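Inspection log for the structure reproduced underneath, given as structure tokens.
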Amino acid sequence: MTDLNIRAAGPEDLDAVLAFWKTAAEGTSISDDRGGVERLVARDPEVLILAERAGELVGTVIAGFDGWRCHLYRLAVHPDHRRRGIGSALLTAAEERFVRLGGRRGDAMVLERNERAQHAWRAAGYVREEQWRRWVKPLTG
């Protein structure tokens, strides 16, 4: 794993990240556009963590901390690079960030239908909380 580079994304990475998510991420979000990701990184320059191997983007995770809770989104590894420890390395980087910021518990958003992801989160020590459900409302401006 010494050839894996973990770093925060910068504005110059955002187009590549958006293209990467179309290949590697499960599902889509209303925020999966240039403006949404730009706002995310502008608000918190260390929130979007990238994994690169030989200069190629092979994984991402969003490690958001709002001062109260630690939220994990968009843990994605390129299909050709899965099962090589990249997801684990990204989660370690995210969890270390949370600890530095004073976070006490990480939570992840995982699609019900994504059994592979559920297995990965379980293997990383995360536990599903059955008593919670996500409620959403798209906002219009």
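The values are calculated or read from the model by the stated rules, or taken from the named source; none is laboratory data. From a predicted model like this one, the values you see are computed outputs, not experimental measurements. As a convention, Cβ positions derive from the backbone with ideal geometry for all residues, glycine included, and neighbour counts pool all protein chains shown. The area values use the complete protein model at the heavy-atom level, side chains included, leaving out ligands, DNA and RNA. Shrake-Rupley method; radii C 1.70, N 1.55, O 1.52, S 1.80 Å.
Only one of (1) in contact (Cβ under 8 Å) with a residue 24 or more places away in the chain; (2) under 25 Å from residue 129 (Cβ atoms) is not met by residue 14, so which one is it?
Only one criterion in (1) in contact (Cβ under 8 Å) with a residue 24 or more places away in the chain; (2) under 25 Å from residue 129 (Cβ atoms) is unmet by residue 14, namely (2).
State which residue pairs qualify: first residue free of Cβ contacts under 8 Å to residues at least 12 places away in the same chain and inside region 109-121, second residue open to solvent by less than 80 Å² (accessible area, probe 1.4 Å) and acidic (Asp, Glu) in any location, beta carbons under 7 Å apart, and separation of 6 or more residues or different chains.
Taking only residues 6 or more apart or on different chains, not a single pair turns up.
Among the residues of region 21-33, what is the count of those that are loosely packed, with under 13 Cβ neighbours inside 10 Å and either touching a Cys at 6+ places or on another chain (Cβ under 9 Å) or within 13 Å of residue 75 (Cβ to Cβ) (or both)?
Residues that pass the stated criteria total 0.
Specify the residue that is modelled with the highest pLDDT; the eligible residues are those in region 7-42 that are in contact with a Leu (Cβ under 6 Å, 6 or more places away or on another chain) and in a loop (DSSP other than H, G, I, E, B).
9
If I ask for residues that are over 13 Å from residue 25 (Cβ atoms) and open to solvent by 70 Å² or more (accessible area, probe 1.4 Å), which ones from region 63-84 would you list?
Within region 63-84, 66, 68, 69, 80, 83, 84 meet the criteria.
Residue pairs, Cβ under 8 Å, 6 or more apart or interchain, first in region 34-62 and under 16 Å from residue 4 (Cα atoms) and open to solvent by less than 10 Å² (accessible area, probe 1.4 Å), second acidic (Asp, Glu) and assigned to a strand (DSSP E or B). List them.
Between residues of region 34-62 that are under 16 Å from residue 4 (Cα atoms) and open to solvent by less than 10 Å² (accessible area, probe 1.4 Å) and residues that are acidic (Asp, Glu) and assigned to a strand (DSSP E or B), the close pairs are 58/52.
Under the condition of being among the aliphatic types (A, V, I, L, M) and in a loop (DSSP other than H, G, I, E, B), which residue from region 43-73 is modelled with the lowest pLDDT?
Restricting to residues being among the aliphatic types (A, V, I, L, M) and in a loop (DSSP other than H, G, I, E, B), the top hit is 54.
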